[in-house]
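For reference, the structure discussed in these notes is given below.
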Amino acid sequence: MAVDEDYINRQLTRRQGGYGRGGRMSLEKDRIKILSGVRFGKTTGSPLSLIIENKDWANWQKVMSADPRQETEERKLTSPRPGHADLAGGIKYLRRDLRDVLERASARETALRTAVGAIAALLLTHFEISVVAHVLALGEIRAFAQDAARSAGAIREKTAGSLFYCLDQAAERLMRQKVDEAGAKGDTLGGVFEVMVEGLPPGLGSHVHWDRRLDGRLAGALMSIPGIKGVEIGMGFAAAAKPGSEVHDAITLDGQGRLCRGGNNAGGLEGGISNGQPLLLRAAMKPIPTLQQALSSVDLVERKVKEAAVERADICAVPAAAVVGEAVVAWEVALALMEKFPGDTLAEMTVAWQHYLELVRDYLGEM
């Protein structure tokens with residue numbers, strides 16, 4: 001398959017964007033280098049290796065040195081930050097200097113996951129499957145979008161120039177104000193983003209194998225993004241408060257005698273399997289745990305109550321998380337696609353894909 005390096009780098013730029021990001025974004029301009037697996041712009045079948053370099057590494061050579069003779073007290077972290085992996089990771093690995101935990105738990109790892117997800121998105125594009133995300137809420141501010149903006153192309157176009165990757169300009173102005181207020185107080189903000197997958201055929205996933213249920217895999221992928229505390233599909237949590245008659249999407253016939261649905265409350269997934277409607281997934285991100293106005297903590301060495309450590313951090317990273325959400329969803333969908341339509345070449349996959357769509361159209365009564 002063709003690998004568009006510029007497309008991958010544009011996704012990395014989007015991940016670094018969004019209003020409320022911290023100083024790290026001004027230090028780095030992420031770009032991938034392809035080390036193996038691509039020749040003349042196309043994959044060769046051998047392992048695909050990518051690297052993203054950190055310009056800031058030079059400032060940490062002494063602090064993070066592998067040489068025991070260079071051990072220093074500089075930048076040691078002994079007061080864990082509430083909400084981070086600091087204390088839990090320190091207990092797990094019995095570390096007193098929690099920098100060992102902090103650095104590895106950093107959301108910096110999502111840069112390369114964004115690049116890998118972009119490659120998956122390129123594969124999906126060949127089959128006219130689109131994955132897009134937008135921010136639904138930031139703090140208490142919720143965006144509203146007209147149904148006309150519910151196509152992948154419209155979402156991509158409308159969010160391209162947005163500071164928050166949001167479809168509602170009025171809400172975006174309030175979001176910016178909210179971020180400025182939080183920053184002035186040394187506080188942080190969370191929010192909610194939605195990922196939509198358009199063009200997915202029915203039949204991906206499984207109702208037979210628990211570990212191949214597409215809903216479980218997608219929820220797990222989104223929950224693996226640092227800071228995500230909740231995931232819902234379709235109507236999601238709201239469905240728990242309604243009777244079944246108001247939740248489930250009726251199956252009926254259209255004017256031409258073809259099967260159709262009365263809605264998409266299921267979010268494109270039923271029984272762990274895609275049903276042919278757009279996938280709709282939402283993820284809730286907690287506020288960034290590193291606060292400039294630090295919360296109370298305990299110094300693990302001095303055994304005294306102290307303020308938590310303060311590190312360089314964002315005020316809000318919900319737009320960036322939305323881009324990472326696109327990437328991890330694209331990856332899981334691409335895996336499910338390759339399980340359904342396996343082959344050593346894109347041509348083989350395409351033949352299987354086209355044959356399957358013919359069978360589906362016949363099943364649904366389409367001409």
Report summary line: Among 363, 356, the single one that is within 24 Å of residue 152 (Cα to Cα), hydroxyl-bearing (Ser, Thr, Tyr) and not in a loop (DSSP other than H, G, I, E, B) is 356
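Against the condition under 23 Å from the mean Cα position of the chain (by Cα), surrounded by fewer than 21 Cβ atoms within 10 Å (Cβ to Cβ) and not aromatic (Phe, Trp, Tyr), how does residue 255 come out, does it pass? Reasoning before the result, please.
Working: under 23 Å from the mean Cα position of the chain (by Cα): no; surrounded by fewer than 21 Cβ atoms within 10 Å (Cβ to Cβ): yes; not aromatic (Phe, Trp, Tyr): yes.
Judged against the criteria, residue 255 is not a match.
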Query raised in the report: Residue check: is residue 120 out of contact with any Asp or Glu (no Cβ under 8 Å at 6 or more places or on another chain), modelled with pLDDT of 95 or more, aliphatic (A, V, I, L, M) and surrounded by 18 or more Cβ atoms within 10 Å (Cβ to Cβ)?
Result: yes
Report task. Would you mind finding the one in 46, 65, 79 that is in contact with a strand residue (DSSP E or B) (Cβ under 9 Å, 6 or more places away or on another chain), farther than 29 Å from residue 287 by Cβ and not in a strand (DSSP E or B)? Result -> 46
Report summary line: Among helices (runs of 4 or more DSSP H) entirely within the range 108-197, at least 3 residues that are among the charged types (D, E, K, R) occur in 152-159, 169-184
Report summary line: Exactly one of 97, 30, 56 is of a type in the set (D, E, K, R), part of a helix (DSSP H, G or I), out of contact with any Gly (no Cβ under 8 Å at 6 or more places or on another chain) and under 30 Å from residue 186 (Cβ atoms), and that one is 56
Query raised in the report: Quick one: which of 246, 232 is charged (D, E, K, R), farther than 30 Å from residue 96 by Cβ and buried (at least 18 other Cβ atoms within 10 Å of the Cβ)?
Result: 232
Query raised in the report: If you go through the range 136-148 one residue at a time, do you hit one that is of a type in the set (S, T, N, Q) and modelled with pLDDT under 90?
Result: yes
Query raised in the report: Any chance the range 338-350 includes a residue that's buried (at least 19 other Cβ atoms within 10 Å of the Cβ), at pLDDT below 95, in a loop (DSSP other than H, G, I, E, B) and not small (Gly, Ala, Ser)?
Result: no
Query raised in the report: Only one of 203, 216, 220 is in a loop (DSSP other than H, G, I, E, B), over 14 Å from residue 137 (Cβ atoms) and at pLDDT 95 or above; which?
Result: 203
Query raised in the report: If you go through the range 124-180, how many residues are small (Gly, Ala, Ser), in contact with a helix residue (DSSP H, G or I) (Cβ under 8 Å, 6 or more places away or on another chain) and over 20 Å from residue 279 (Cβ atoms)?
Result: 2
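The values are calculated or read from the model by the stated rules, or taken from the named source; none is laboratory data. Because the structure is predicted, anything quoted here is derived from the model rather than measured. Glycine also receives a Cβ, built like all others from the backbone with ideal geometry; neighbour counts cover every protein chain displayed.
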